[in-house]
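Every read-out reported here was derived from the displayed coordinates using simple, explicitly stated rules and does not represent laboratory data. The model shown is predicted, which means the values in this text are computed figures rather than measured ones. Glycine gets a Cβ as well: all are built from the backbone with ideal geometry, and neighbour counts include every protein chain shown.
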Amino acid sequence: MDWMAWTWPTAIFFGIIAMLLITFTILAIKFPETPRVGILRIETTRGDRLFITLLGSAFINLAWLGIVGANQPYALIVCLVYAAAVFRWV
Amino acid sequence: MEKTVNQKAWFLVLPVLVLVAFSAVIPLMTVVNYSVQDTFGNNQFFWAGLEWFEDMLSSQRMWDALARQAIFSAIILAIEIPLGIIVALNMPKRGFWASLCLVLMSLPLLIPWNVVGTIWQIFGRVDIGLLGHTLDALGISYNYTQDIRAAWVTVIVMDVWHWTSLVALLAYAGLQSIPDAYYQAAKIDQASRWAVFRYIELPKMAGVLMIAILLRFMDSFMIYTEPFVVTGGGPGNATTFLSIDLVKMALGQFDLGPAAAFSIMYFLVILLISWVFYTVMVNLDKREGK
């Protein structure tokens, strides 16, 4: 754990991201899909939607930290709602 | 005949993956690790949670640097893109002069950043520099080490001098790819010069112009060397852009935690804007392909 100053929370954080990437790669191979056009009026695949979700979630967390400043885990609920919306409508 | 499917070729990209992991992914992960910890040196780290992010979000210093950075990028894009297009439109289309123009335009692009900085640092000096001395002789007060406006003008003019040719070359390449038939049709319709530009040249250049905007935005948003050499971020903090501030914090003060939190936010902003540009670019291409 000393290597690169690893801590459990960051290891879990990267573990989850790595798992998401692997899951979506397997999904893309097993169930190929055609891109679709959503409310952003751009063509997106599942991978694009995952990227939009992760990037948006980072900003949601920062906004929560900057504006609310407490109860950070609740920001994750907002992120989940956001993720569902992205996968449904984008 | 059945097509044989063979995915083994993927192993050929393995060396690239290893290289990218060592040069980009693992350093980035280290930054994330630093951003949630505190250190007093000696490679000892203490858990700090989201404290540094909170600090940075409420730090006036970071917001000021971000504002300066955004203003700088907006100004240079507003100057370089139209200027590059104008230059490209006025360049000779073929023959000796076209080649000469291309060579001359590429010259500034070949000069390393710190050399560009040094050139302008000396060029602008009032005692020995051609620009500074001339302006001084004309009675215009110009001193980029003390006057905020002079420092900004110097840094912006330097960037325009260094990078407008890139925009011009890209726009020129876009213009060259327009078949003559378009211009002939426009002539038959007695289209004005503006109409030719608006309905033929600009749409045909849109793709390369998006690349030019993306490149110039990313480069200007990460600019470090040139302003550092010329003004050192001064006078005061007037030209301290994001990366200059970041280096001061990380290496000057050795505040690894706050600097790491700062870097992550900086990275997220660049990632977001680049993604927007990239998406627009790809969609432009698709619409053109239809």
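If I go through region B:84-103 residue by residue, how many of them are surrounded by 11 or more Cβ atoms within 10 Å (Cβ to Cβ) and either free of Cβ contacts under 8 Å to residues at least 24 places away in the same chain or of a type outside the set (V, I, T) (or both)?
We begin by selecting, within region B:84-103, every residue surrounded by 11 or more Cβ atoms within 10 Å (Cβ to Cβ); these are B:84-89, B:91-92, B:97-102.
Cutting the leftovers down to either free of Cβ contacts under 8 Å to residues at least 24 places away in the same chain or of a type outside the set (V, I, T) (or both) gives us B:84, B:86, B:88-89, B:91-92, B:97-102.
Looking only at that region, the number is 12.
Does B:N33 meet the test of being over 24 Å from A:L65 (Cβ atoms) and within 14 Å of another protein chain (Cβ to nearest Cβ)?
Details: over 24 Å from A:L65 (Cβ atoms): no; within 14 Å of another protein chain (Cβ to nearest Cβ): yes.
No.
What residue, among those in region B:80-101 that are over 24 Å from the mean Cα position of the chain (by Cα) and charged (D, E, K, R), is nearest to B:L214 (Cα to Cα)?
Here the residue is B:K93.
When you go through B:V32, B:V16, B:V25 one by one, which is the residue that is within 27 Å of B:L215 (Cα to Cα), among the aliphatic types (A, V, I, L, M) and surrounded by fewer than 10 Cβ atoms within 10 Å (Cβ to Cβ)?
Working: B:V32 fails: surrounded by fewer than 10 Cβ atoms within 10 Å (Cβ to Cβ); B:V25 fails: surrounded by fewer than 10 Cβ atoms within 10 Å (Cβ to Cβ).
One residue alone meets the criteria, B:V16.
Considering (1) within 28 Å of B:T279 (Cα to Cα); (2) buried (at least 19 other Cβ atoms within 10 Å of the Cβ), say which one B:M218 fails and leave the rest.
(2)
Can you name every residue in region A:5-32 that is hydroxyl-bearing (S, T, Y) and within 9 Å of another protein chain (Cβ to nearest Cβ)?
Kept after step one, since they are hydroxyl-bearing (S, T, Y), are these residues of region A:5-32: A:7, A:10, A:23, A:25.
Within region A:5-32, A:T7, A:T10 meet the criteria.
Here's the yes/no breakdown for (1) surrounded by 11 or more Cβ atoms within 10 Å (Cβ to Cβ); (2) over 20 Å from B:M265 (Cα atoms); (3) touching a Gly at 6+ places or on another chain (Cβ under 8 Å):
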residue	(1), (2), (3)
A:A18	no, yes, no
A:I22	no, yes, no
A:A28	yes, yes, yes
A:E33	no, yes, no
A:R46	yes, yes, no
A:R49	yes, yes, no
A:A58	yes, no, no
A:G66	yes, no, no
A:F87	yes, yes, no
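Determine whether region B:207-227 contains at least one residue that is over 30 Å from B:Q121 (Cβ atoms) and in contact with a strand residue (DSSP E or B) (Cβ under 7 Å, 6 or more places away or on another chain). Steps first, please.
Step one: list which residues in region B:207-227 are over 30 Å from B:Q121 (Cβ atoms), which gives B:207-211.
This time we only want the ones that are in contact with a strand residue (DSSP E or B) (Cβ under 7 Å, 6 or more places away or on another chain), so: none.
The answer is no, given that none of the residues of region B:207-227 is over 30 Å from B:Q121 (Cβ atoms) and in contact with a strand residue (DSSP E or B) (Cβ under 7 Å, 6 or more places away or on another chain).
Select, from B:L77, B:L131, the only residue that is closer than 30 Å to B:M210 by Cβ and more than 13 Å from chain A (Cβ to nearest Cβ). I'd like the intermediate steps shown before the answer.
Working: B:L131 fails: closer than 30 Å to B:M210 by Cβ.
The conditions single out B:L77.
Applying the selection to region B:36-52, what residues are more than 7 Å from chain A (Cβ to nearest Cβ) and either on the phi < 0 side of the Ramachandran plot or in contact (Cβ under 8 Å) with a residue 12 or more places away in the chain (or both)?
Residues of region B:36-52 more than 7 Å from chain A (Cβ to nearest Cβ): B:38-44, B:46, B:48-49, B:51-52.
Scanning region B:36-52 gives B:D38, B:T39, B:F40, B:G41, B:Q44, B:F46, B:A48, B:G49, B:E51, B:W52.
Is at least one residue of region B:118-133 in a helix (DSSP H, G or I), surrounded by fewer than 18 Cβ atoms within 10 Å (Cβ to Cβ) and touching a residue at least 24 places away in the same chain (Cβ under 8 Å)?
Scanning region B:118-133 turns up at least one residue that is in a helix (DSSP H, G or I), surrounded by fewer than 18 Cβ atoms within 10 Å (Cβ to Cβ) and touching a residue at least 24 places away in the same chain (Cβ under 8 Å).
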